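S.K.: Below you'll find the structure I mean.
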Amino acid sequence: MSILLQKTVETGNLSSVCDVLSTQPRSFGTGPYLRPLRVSTCWWKPKTEIKTVGCSQSNLYTPDNYRLRDAVSALKDELCYQCIIIRDFNLPFDDLIEQRQQDDTKERGLPVVCSISRNQGKIDLSKKKYRQNEQFQQELKERSKKKYRQNEQFQQELKERSKHKYQFDTKFHDEVKKRSKQKYRFNTEFQQSVIERSKMKYHLNKQFQAALKERSKTKYRLNMKFKEAILKASRLKYACDITFRDKVKTIYLLRYRQNVLLQEKYKQKQRKEYRNQFLIRQKKISVIQQKRSNEKRNLNKIANIFRQQVRDGPRYVCSVCHKFKFRKQVVVCDKLKYSKKGDKSIAMATQCITQQFHTTCSDQCQSSCETIYHKQWICFTCHYHLLKGQMPADAFANGLQLPPIPDELNSLNKLEKQLISVRIPFMKIIQLPKGNQRGFIGPCVSIPTDIEKTSNVLPRSENEAELIRCKLKRKLEYKGYCQYEFVSREGNTPVSMLQEHGNEAMSFPVQFPEGSFGSYDAKRLVRLTRSRYFHARLFNADTRFSSDTSYIFYAQYLSELEQVISKVSIALRKSSGKDKTGNIITARMLTDKNQLKRLLTTDQGYKFMTPIRGTPPYWQATLRDLMASIRQLGIPTWFATFSAADLRWKETLQVLLEQQKSTQSLEDLDWTGKSELLQYNPVMSAVMFDHRFNTFLKEIIIKKYHW
């Protein structure tokens, strides 16, 4: 081989040199540096003055190469040739190559200089080959993937370089995005993997979850195309996916039951569609008819209807009269409706509508609160009066305003309240069985007290107070006592509570801390009867009256007493003063027992008390009505009696807990706690029982389609 090269070079034919090199066997020579060779292209520039050889590619380390370089250098100075050189396919390791290069350089004494760095040359050749040779391209990709999977350090370095380039190279950033979108669109496997990673990150990363929700909400509001796509996808998923459909139904049912404003909004939407669209109206009618026929004899569904009707208690507060009302008794308060009726109506609405029980969120409130207290309500009675431009008699602005109770008065017990009272409503209060409710027997009298010494000298000794210590026992056989109080000294004259001005405020100073302001005797723009006045006080959202048992009995006694006096007055005006025999009734006849007994047997003595509930004439008239119904309708199939089971009605206890503003749950209350809860507001307990009975009568018994 060396002889052929020498001869060819000596002839000066460079093409012959290339031919010789290309036609020689691919394996020749011995030793670690004489291995199979390949042909490559190179530019040579020999410089004989300094005896160096420059090569743009890698130098070859065989003895024949050095002879070839010397021969080519001798052809012509400063002349560039393009030749084909021999390059080893399987070069030795880098350290052996460097060692051999150093040895050959020392032996020859000729330094080898590269015009271009070795690495840069390799990179350029690799890039060119990668673009032109598809097989080499695939092999290189496979090697890179294999190295990426096996070499963690290489994997991390490649990731860091990609992230850095993605951040700072805009062109690369756009290309990666474009490729990812295209791959996501056409590669199902890649699409599923991206979805799974996103779901995993959404569940584990709270910050990513919040950011994604916010972006989605913003995009849903601003991008109508995206909004339509989401709605379409949701409808399609709801129609095809049963699990998703059940989940959506559960979520919306829960929201509908808990959110009163959502209920109103949905009902208004349904009413509007029912009025305006004929097909929906016909479909609704047919659905209801079919539903009624299916539920005709289903007792469980009937019971569910009843429970649903009695579940919602009197939670809604009227903005005008401040009374607790049921949902069916109120409407949303809208001042624009009154402005359409004229100046008189809007002026009266501005005067009567208050914001006392209307709750608004502050600026610091992050969540959107939606409760019944964030909306103003008005009962139908007050609503109709305001539409006519009239002030309702029960309106809070009609002299029923009350100042707040000071903390000093609010913390007093029953005995301390009596010590500061100018008038004591004296009555006999008893404890009823099963439930620890209270009742009273006999009349109620107002006893004036002299509190001058009490107010001047507190505390004082028992001798100065001139009070008699009294122990009240529940039963004579018991050794202990249930209450321990003082009674006033004798000598004070009882007076009629209807005849004294300001008796209510003097009897209950805690409820009226500023005296008679707001009591029944106060001056009002619209006349208010005593029974309506007590009704407004006991049903007021301010529970200072309904939570006081003494005030409840006081109000009941005064109402009945006024009714009795009124009926007696009417009976006296209607009476002719003669009995059935025609004899004139005189005072002497009333003092005679026989004459009085004869008058009572003919009902002339107490028939005027028929309208008063609980009196013998009242029950006698009720009995006559019952007998008349039997004669008209026939003998009843069954007879039902109703009694209140307050301790077992969760709806009643839940309403009382809400009105008491208690943080306890219903499951934490024992029998004692439930009894105390019922004692706190007996008025609301009676209202819930009445509502329960009327609902049962109307929805279960009277409705014919159930039976």
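The values are calculated or read from the model by the stated rules, or taken from the named source; none is laboratory data. Bear in mind that the values here come from a model prediction, so they are computed numbers and not experimental data. Every residue, glycine as well, gets a Cβ built from its backbone with ideal geometry; the counts of neighbours run over all protein chains shown.
S.K.: Please enumerate the residues belonging to segment 238-259 that are surrounded by 10 or more Cβ atoms within 10 Å (Cβ to Cβ), in a helix (DSSP H, G or I) and not aliphatic (A, V, I, L, M).
M.R.: Y238, F244, R245, D246, K247, K249, T250, Y252, R255, Y256, R257, Q258
S.K.: Closer than 26 Å to Q401 by Cβ and among the small types (G, A, S), is that true of S319?
M.R.: Numbers: closer than 26 Å to Q401 by Cβ: yes; among the small types (G, A, S): yes.
Criteria met by S319.
S.K.: Further question: Would you call K674 farther than 21 Å from Q431 by Cα and surrounded by 11 or more Cβ atoms within 10 Å (Cβ to Cβ)? Break it down into steps so the answer makes sense when it comes.
M.R.: On the way: farther than 21 Å from Q431 by Cα: no; surrounded by 11 or more Cβ atoms within 10 Å (Cβ to Cβ): yes.
Spelling it out, it is not the case that K674 is farther than 21 Å from Q431 by Cα and surrounded by 11 or more Cβ atoms within 10 Å (Cβ to Cβ).
S.K.: Name the single residue, out of those in segment 117-163 being modelled with pLDDT of 85 or more and among the small types (G, A, S), that is farthest from the chain's Cα centre (by Cα).
M.R.: S144
S.K.: Got at least one residue in segment 261-276 being among the hydrophobic types (A, V, I, L, M, F, W, C) and over 18 Å from R327 (Cβ atoms)? Before the answer, list the steps.
M.R.: Pass one, segment 261-276, residues among the hydrophobic types (A, V, I, L, M, F, W, C): 261-262.
Now drop any that are not over 18 Å from R327 (Cβ atoms), which leaves none.
Within segment 261-276 (the criterion being among the hydrophobic types (A, V, I, L, M, F, W, C) and over 18 Å from R327 (Cβ atoms)), the answer is no, since none of the residues qualifies.
S.K.: Is it true that D521 is under 21 Å from D394 (Cα atoms) and without any contact (Cβ under 8 Å) to a residue 40 or more places away in the chain?
M.R.: Judged against the criteria, D521 is a match.
S.K.: Output yes when any residue across segment 619-631 is out of contact with any Phe, Trp or Tyr (no Cβ under 6 Å at 6 or more places or on another chain), of a type in the set (G, A, S), surrounded by 10 or more Cβ atoms within 10 Å (Cβ to Cβ) and in a loop (DSSP other than H, G, I, E, B), and no when none is.
M.R.: Our first condition is that a residue be out of contact with any Phe, Trp or Tyr (no Cβ under 6 Å at 6 or more places or on another chain); within segment 619-631, this holds for 619-631.
Of the ones still in play, those that are also of a type in the set (G, A, S) are 621, 628-629.
Narrowing further to those that are surrounded by 10 or more Cβ atoms within 10 Å (Cβ to Cβ): 621, 628-629.
In the following step, the residues that additionally are in a loop (DSSP other than H, G, I, E, B) were identified as none.
So far as segment 619-631 goes, no, none of its residues is out of contact with any Phe, Trp or Tyr (no Cβ under 6 Å at 6 or more places or on another chain), of a type in the set (G, A, S), surrounded by 10 or more Cβ atoms within 10 Å (Cβ to Cβ) and in a loop (DSSP other than H, G, I, E, B).
S.K.: Please verify whether V331 is part of a loop (DSSP other than H, G, I, E, B), of a type outside the set (G, A, S), out of contact with any Lys or Arg (no Cβ under 6 Å at 6 or more places or on another chain) and closer than 15 Å to C382 by Cα, treating the condition exactly as stated.
M.R.: Values: part of a loop (DSSP other than H, G, I, E, B): no; of a type outside the set (G, A, S): yes; out of contact with any Lys or Arg (no Cβ under 6 Å at 6 or more places or on another chain): yes; closer than 15 Å to C382 by Cα: yes.
Criteria not met by V331.
S.K.: Can I ask one more? Being under 22 Å from K145 (Cβ atoms) and outside any helix (DSSP H, G or I) is the filter here, so list the residues in segment 156-187 that pass it.
M.R.: Correct list: N187 only.
S.K.: Give the residues of segment 127-152 that are more than 23 Å from V176 (Cβ to Cβ), among the polar types (S, T, N, Q) and part of a helix (DSSP H, G or I), sorted by residue number.
M.R.: Answer for segment 127-152, where residues must be more than 23 Å from V176 (Cβ to Cβ), among the polar types (S, T, N, Q) and part of a helix (DSSP H, G or I): Q132, Q135, Q150.
S.K.: May I ask you to say which residue of E504, E514 is at pLDDT 85 or above and either surrounded by 14 or more Cβ atoms within 10 Å (Cβ to Cβ) or under 18 Å from D548 (Cβ atoms) (or both)? Even if it seems obvious, please write down each step before you answer.
M.R.: On the way: E514 fails: at pLDDT 85 or above.
Sole residue among the options that is at pLDDT 85 or above and either surrounded by 14 or more Cβ atoms within 10 Å (Cβ to Cβ) or under 18 Å from D548 (Cβ atoms) (or both): E504.
S.K.: State which residue is surrounded by the most Cβ atoms within 10 Å (Cβ to Cβ) when the search covers only segment 640-671 and only residues that are within 25 Å of R544 (Cβ to Cβ), among the polar types (S, T, N, Q) and modelled with pLDDT under 85.
M.R.: The extreme case among them is Q659.
S.K.: Could you pull out every one of the strands (runs of 3 or more DSSP E) wholly within segment 375-481 that has 3 or more residues that are at pLDDT 65 or above and out of contact with any Leu (no Cβ under 9 Å at 6 or more places or on another chain)? Spell out the reasoning first.
M.R.: Values: elements: 377-379, 423-431, 438-448, 468-472.
Counting at least 3 such residues, we get 423-431, 438-448.
S.K.: Which of the residues belonging to segment 260-286 are surrounded by 12 or more Cβ atoms within 10 Å (Cβ to Cβ), farther than 21 Å from K375 by Cα and hydroxyl-bearing (S, T, Y)?
M.R.: Y274
S.K.: For segment 348-374, enumerate the residues that are surrounded by 13 or more Cβ atoms within 10 Å (Cβ to Cβ) and either in a helix (DSSP H, G or I) or modelled with pLDDT under 70 (or both). Lay out the reasoning, then the answer.
M.R.: First, pick out the residues of segment 348-374 that are surrounded by 13 or more Cβ atoms within 10 Å (Cβ to Cβ): 348-349, 351-354, 357-358, 370, 372-374.
Answer for segment 348-374, where residues must be surrounded by 13 or more Cβ atoms within 10 Å (Cβ to Cβ) and either in a helix (DSSP H, G or I) or modelled with pLDDT under 70 (or both): M348, A349, Q351, C352, E370, I372, Y373, H374.
S.K.: Next up: Going by the structure shown, is K122 more than 30 Å from K249 (Cβ to Cβ) and either surrounded by fewer than 12 Cβ atoms within 10 Å (Cβ to Cβ) or basic (K, R) (or both)?
M.R.: Yes: the conditions hold for K122.
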